[in-house]
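Here's the structure we're looking at; comments come further down.
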Amino acid sequence: MLQWVKRKTGESIARYLEQPSRDYRPFSVSDPQTLRRILEPGDVLLIEGNQRVSVAVKYLTQSTWSHAALYIGNALDDPRDVAEPRTLVEADLVQGVIAVPLSKYEAYNTRICRAVGLTAEDRNRVVQFVIDRLGLKYDLKNVVDLVRYLLPQPPVPMRWRRRMLALGSGDPTRAICSTLIAQAFQAVPYPILPRIRKQRIRSYPAGTYTEREILHIRHYSLFAPRDFDLSPYFRVVKPALEQDFDYTQLIWDEDPGHCVRPT
């Protein structure tokens with residue numbers, strides 16, 4: 001009985017957190033057709049979400065980005081057979097790990113992050129990693145793991161905020177979605193934001209010292225969507241600049257009465 005009550009309470013909190021907030025205003029939106037032309041399998045799509053949980057994640061990570069999905073291309077659906085192929089895999093708080101069409105985020109601010117130098121073989125392994133986890137659900141009985149997101153701005157010092165994402169049992173922690181993607185890249189392994197330790201090495205017979213960098217993998221539960229944006233190993237890809245952008249061809253409204261003012 002107690003487990004049933006915990007699960008029902010967790011489901012109610014999860015549904016509440018997934019509700020959209022009223023204050024979201026997109027500023028730079030790329031249409032699905034443009035994104036589809038630019039995206040490559042293995043790309044990470046960062047999203048500025050508008051759910052209640054998004055507000056807490058953005059505050060805890062001090063970032064614009066609150067959600068991440070992995071682009072898998074046509075690994076699941078043939079675009080000739082379906083109108084909207086499921087080309088993104090994401091971790092959803094209520095539904096778990098699911099595949100969704102690109103159009104789901106057509107009204108959101110997004111950013112493409114691409115792993116530089118990733119081999120075709122490893123790219124396929126990253127894609128297959130998330131596909132193999134489709135259908136996994138979160139243990140919503142762990143109510144404590146969900147309650148942290150009810151406070152949009154929890155009163156904790158900045159140095160503890162990221163740690164709040166990794167508290168508890170670990171399953172609902174993956175609700176911020178970047179954990180699943182971090183696991184996929186670490187399985188290759190491909191660096192995201194590793195801890196770097198410098199090691200001095202003495203060379204013989206000259207007796208001189210050189211330094212080399214030793215990378216230490218961070219635990220996947222500590223990754224947030226913005227880490228793919230900050231990573232020195234991921235390139236930010238902007239769709240408008242990938243299509244022979246020429247600013248001289250832009251058409252501007254010269255009527256000052258039509259200037260967009262803040263609302």
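Looking at the range 47-71 only, could you name the residues that are of a type in the set (A, V, I, L, M), buried (at least 24 other Cβ atoms within 10 Å of the Cβ), touching a helix residue (DSSP H, G or I) at 6+ places or on another chain (Cβ under 6 Å) and under 24 Å from Ala240 (Cβ atoms)? Hits for the range 47-71 are Ala68, Leu70. Cβ-Cβ contacts under 9 Å between residues 6 or more apart (or on different chains), taken from a first residue in the range 124-137 that is polar (S, T, N, Q) to a second residue that is not in a loop (DSSP other than H, G, I, E, B), are listed as Gln128/Ala184. Within the group Thr64, Thr34, which residue is under 18 Å from Ser103 (Cβ atoms), of a type in the set (Ser, Thr, Tyr) and modelled with pLDDT of 70 or more? Selected residue: Thr34, the only one of Thr64, Thr34 that is under 18 Å from Ser103 (Cβ atoms), of a type in the set (Ser, Thr, Tyr) and modelled with pLDDT of 70 or more.
Name every residue in the range 72-94 that is of a type outside the set (A, V, I, L, M) and in contact (Cβ under 8 Å) with a residue 40 or more places away in the chain, in order of residue number. Of everything in the range 72-94, those that are of a type outside the set (A, V, I, L, M) and in contact (Cβ under 8 Å) with a residue 40 or more places away in the chain turn out to be Gly73, Thr87, Glu90, Asp92.
When Gln186 is tested against (1) under 30 Å from Leu241 (Cβ atoms); (2) at pLDDT below 65, exactly one condition is not met: (2). Across the range 208-231, the qualifying residues are those that are over 19 Å from Thr179 (Cβ atoms) and surrounded by fewer than 10 Cβ atoms within 10 Å (Cβ to Cβ), and the one among them that is modelled with the highest pLDDT is Thr208.
The values are calculated or read from the model by the stated rules, or taken from the named source; none is laboratory data. Since the model is a prediction, treat every value here as computed from it, not as a measurement. Cβ coordinates were reconstructed from backbone atoms using ideal geometry, including for glycine residues, and neighbour counts include every protein chain displayed.
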